Amino acid sequence: MLATSDFKKGKKIEIDGAPCEILECSHYKPGKGGAFMRTKYRNLLTGSVVEQNFRSGIKFPKPDLEVREMQYLYNEGESYAFMDMTTFEQISVPHDLIGEKGGYLKEAQAYKVMLYQGRPLDLEMSGSVILEVTMTDPGMKGDTVTGASKPATLETGIVVNVPLFVEIGTKIKVNTETGEYLGRE
């Protein structure tokens, strides 16, 4: 069971028999009456986003989710192909289910895929990934004082702002939640 005081962004709870992911939450204590949590969550089955207030102290069950180690194989157009590392069974995960995380997927890399009753729901990624810069403008010498940045295309196709000294072929670390440059590898 998960109490409202344990709510954090990314936590999974079960509401009305459906698994949900908390997107935003904040504790609110009005001058009159009891405290409550203002919560914005996404139903993992339907994808709908709901804003709801819950009284402090209410407990929610954790959904029966299964997490499997799967290898990303390739992009199938409308979905991504993954292979279960234990059974070697292939599954397709739709693009809209993964969202922006799809830009950080690297072929032949292992990821954790969350399943609910055998159906893929979400992809768990680490907080950062290491990707190679495939295209960027050359940096100008002497421009480093201003802390300026330039766009760089990475091996997966996403574009990230990087410092001027980063060149083509450089492996960089990127935050998967914000898409920000974290450093060279």
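General remarks:
- Against the numbered list (1) open to solvent by less than 70 Å² (accessible area, probe 1.4 Å); (2) assigned by the TED database to the domain that holds Ile15, Arg38 comes up short only at (1).
- Search result, residues across segment 61-73 that are at pLDDT 90 or above, open to solvent by less than 50 Å² (accessible area, probe 1.4 Å) and not polar (S, T, N, Q): Met70, Tyr72, Leu73
- Test: residue in segment 123-145 that is of a type in the set (A, V, I, L, M, F, W, C), in contact (Cβ under 8 Å) with a residue 60 or more places away in the chain and more than 22 Å from Lys11 (Cα to Cα): no
- Evaluation of Thr176 against (1) under 30 Å from Pro63 (Cα atoms); (2) in contact with a Ser or Thr (Cβ under 9 Å, 6 or more places away or on another chain); (3) open to solvent by less than 20 Å² (accessible area, probe 1.4 Å) (one fails), failing number: (3)
- You will find that of Lys150, Lys106, the residue that is open to solvent by less than 50 Å² (accessible area, probe 1.4 Å), in contact with a strand residue (DSSP E or B) (Cβ under 9 Å, 6 or more places away or on another chain) and of a type in the set (Lys, Arg) is Lys150 and no other.
- Whether a residue is under 28 Å from Lys12 (Cβ atoms) and either at pLDDT 90 or above or assigned to a strand (DSSP E or B) (or both) was assessed, and Val113 passes this test.
- Filtering segment 74-96 to residues that are in contact (Cβ under 8 Å) with a residue 24 or more places away in the chain and open to solvent by less than 40 Å² (accessible area, probe 1.4 Å) leaves Tyr80, Phe82, Ile91, Val93.
- Hits in segment 91-127 - residues which are of a type in the set (Gly, Ala, Ser), within 13 Å of the chain's Cα centre (by Cα) and more than 16 Å from Glu78 (Cα to Cα): Ser126, Gly127
- Which listed residue, of Lys101, Lys106, is touching a residue at least 12 places away in the same chain (Cβ under 8 Å) and either among the β-branched types (Val, Ile, Thr) or in a loop (DSSP other than H, G, I, E, B) (or both): Lys106
The values are calculated or read from the model by the stated rules, or taken from the named source; none is laboratory data. Only a predicted model underlies this, so the values are computations on that prediction, with no experimental measurement involved. Here the Cβ is made from the backbone with ideal geometry for all residues, glycine too, and neighbour counts use every protein chain on show. Please note that ligands, DNA and RNA were not included when accessible areas were found on the heavy atoms of the full protein model with its side chains. Shrake-Rupley method; radii C 1.70, N 1.55, O 1.52, S 1.80 Å.
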